[in-house]
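The values are calculated or read from the model by the stated rules, or taken from the named source; none is laboratory data. Owing to the predicted nature of the structure, the values given are computational and were not obtained by experimental measurement. Methodologically, a virtual Cβ is constructed for each residue, glycine included, from the backbone with ideal geometry; neighbour enumeration extends over all protein chains shown.
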């Protein structure tokens with residue numbers, strides 16, 4: 001009975017030492033640094049995911065509202081004064097860029113401007129605006145890709161370093177008992193686990209957000225093509 005009690009008593013600290021917090025505290029300095037970097041990267045990844053998700057929902061909602069108003073049959077000049085002159089969302093910015101270019105072209109007096117040249121100038125203005133707006137929406141996406149690609153390897157570096165450190169300590173103590181070996185190995189493997197915790201959401205979010213951004217870019221391009229055709233027809237009517 002006494003032997004059983006003593007064994008349980010001795011085993012308790014070992015179990016307690018394998019808690020996540022103790023694994024971090026007992027890890028080597030280099031492994032701790034790796035863990036901290038990965039934890040900070042994970043926090044930043046989730047901040048980007050939340051910000052991008054909110055931004056995409058907002059711009060799609062604003063695009064729906066703007067397109068409803070655009071196709072309602074109202075005056076384009078009035079819509080430009082309300083939305084295009086000082087745009088607050090990407091699709092309104094594309095509309096405003098096209099209208100500004102078209103109005104400048106229409107005001108040219110005494111200069112023959114071909115219909116093809118007018119459409120090219122309008123298309124160029126819209127394409128530049130689409131590119132600028134998409135660059136703003138895609139900001140920090142490269143960070144998600146980088147974390148997804150490198151975090152497992154950073155964690156693996158921490159694991160390899162921690163195992164080397166653990167083996168050195170084991171050799172110095174001349175003791176290969178599991179109670180001695182397990183904590184050091186667990187500390188090292190903890191770095192890989194944190195690397196995966198950072199990488200998996202980053203990869204999944206990057207793929208999802210990239211697809212959503214590509215769809216939104218196609219939506220802007222489709223609107224731009226339709227609006228360019230409308231302005232071209234109006235230019236022909238004024239000619």
Item to check | Sole residue being more than 16 Å from residue 129 (Cβ to Cβ) and in contact (Cβ under 8 Å) with a residue 24 or more places away in the chain, chosen from 31, 43, 94, 59 | outcome: 31
Item to check | Single unsatisfied condition, residue 91 versus (1) at pLDDT 90 or above; (2) over 25 Å from residue 141 (Cβ atoms) | outcome: (2)
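Is it the case that residue 82 is at pLDDT 95 or above and either loosely packed, with under 12 Cβ neighbours inside 10 Å or out of contact with any strand residue (DSSP E or B) (no Cβ under 6 Å at 6 or more places or on another chain) (or both)? Talk me through it step by step, then tell me what you get.
Working: at pLDDT 95 or above: no; either loosely packed, with under 12 Cβ neighbours inside 10 Å or out of contact with any strand residue (DSSP E or B) (no Cβ under 6 Å at 6 or more places or on another chain) (or both): yes.
Answer is no for this residue.
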Next on the checklist: Just to be sure before I move on: is residue 166 modelled with pLDDT of 95 or more and either within 28 Å of residue 131 (Cα to Cα) or in contact with a helix residue (DSSP H, G or I) (Cβ under 8 Å, 6 or more places away or on another chain) (or both) in the structure I sent?
Outcome noted: no
Checklist outcome for this item: Of those in the stretch 220-239 that are surrounded by fewer than 19 Cβ atoms within 10 Å (Cβ to Cβ) and within 28 Å of residue 140 (Cα to Cα), the residue nearest to the chain's Cα centre (by Cα) is 221
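Taking the options 188, 214, 229, 193, name whichever one is at pLDDT 70 or above and under 27 Å from residue 55 (Cβ atoms). Walk me through it before giving the result.
Working: 188 fails: under 27 Å from residue 55 (Cβ atoms); 229 fails: under 27 Å from residue 55 (Cβ atoms); 193 fails: under 27 Å from residue 55 (Cβ atoms).
Just a single option satisfies the conditions, and that option is 214.
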